[in-house]
Amino acid sequence: SFNNPSNKKPFKVDLNEYVPGQDYDGIKKFVLNNGFKDASLLREKLALDFMNAHNITAPRCNYARVYLNGTYWGLYTILEDINSKFLKQHYPDNDGNLFKGDPSGDLKYYGAADSNYYPHYELHTNEVQNDWSDLVHLSDIINNTPTSSFYDSLETVLDTWSFIYYMAASNMFANLDS
């Protein structure tokens, strides 16, 4: 959405960028979403409120009137950044990685080499180890497992029902830009 033609750009705010140890309500980073694909600014808020009310892991969301240097910039949704702190709150086992499917995130199998996935994803946790094996393995299972053993194989690497609930809610609200 940063490439949309209007001046109303999205922002990611890091309260620790210049002064370490700052947070607000337990949040150190948050996102100001510009509603590029949702002029009503309703889909994201409704979808995330629905998910949180139904125990589907999702960030908290609200609205913010944003002013830059005293000038009103617009109404935004403000949401908690999905980062290592968010993951620790919702997934205490801390065994996996967080990937952002950017630009495509299509879960295609691009072969066994981690580097084949670099143009399609961003690794947002455990960057020092740079271990992409869990994503490669998931993509391999999704694309190369015979139908007869697909469900059982997928269950070994993915919390399938949590994923289905999340995708169903996202589709129900047509929440495409968050």
Can you list the residues, at least 5 places off or on another chain, whose amide H is less than 5 Å from the amide H of THR125, using H built in the peptide plane? LEU98
What is the angle, in °, between the Cα long axis of helix 133-144 and the longest principal axis of the Cα atoms in the chain? Nearest 10 is fine, range 0 to 90. 60 degrees
Using each residue's phi in region 157-167, evaluate 6.51 cos²θ - 1.76 cosθ + 1.60 at θ = phi - 60° and report the 3J(HN,Hα) Karplus result to the nearest Hz, with x for Gly and Pro. 10, 9, 6, 4, 5, 4, 5, 5, 4, 4, 5
Greater than 25 Å apart at Cα, pairs in LYS28/LYS108; LYS8/LYS85; LYS9/LYS108; LYS29/LYS88; LYS45/LYS108; LYS12/LYS108: LYS28/LYS108; LYS8/LYS85; LYS9/LYS108; LYS45/LYS108; LYS12/LYS108
What does the accessible area per residue of region 1-153 come to in Å², with a 1.4 Å probe and no ligands, DNA or RNA counted? 65 Å²
So what's Rg/Rh here for region 108-178, counting alpha carbon atoms and using the Kirkwood radius for Rh? 1.01
Cα-based Rg and Dmax for region 74-149, in Å, come out at 14.8, 52
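Over the chain, with every protein chain in place, what whole percent of the accessible area is carbon and sulfur at 1.4 Å, could you tell me? Walk me through the numbers before you get to the answer.
Numbers: 6310 of 11550 Å².
Carbon plus sulfur share of accessible area: 55 percent.
Using just the Cα positions, wrap the chain in a convex hull and report its mean projected area in square nanometres, one decimal place.
Numbers: hull surface 49.4 nm².
If you wrap the Cα atoms of the chain in a convex hull and average its projections, you get 12.3 nm².
The values are calculated or read from the model by the stated rules, or taken from the named source; none is laboratory data. Every value quoted in this text rests on a predicted model; they were computed, and no experiment measured them. Quick note on the areas: whole protein, heavy atoms, side chains included, nothing else; ligands and nucleic acids left out. Shrake-Rupley method; radii C 1.70, N 1.55, O 1.52, S 1.80 Å.
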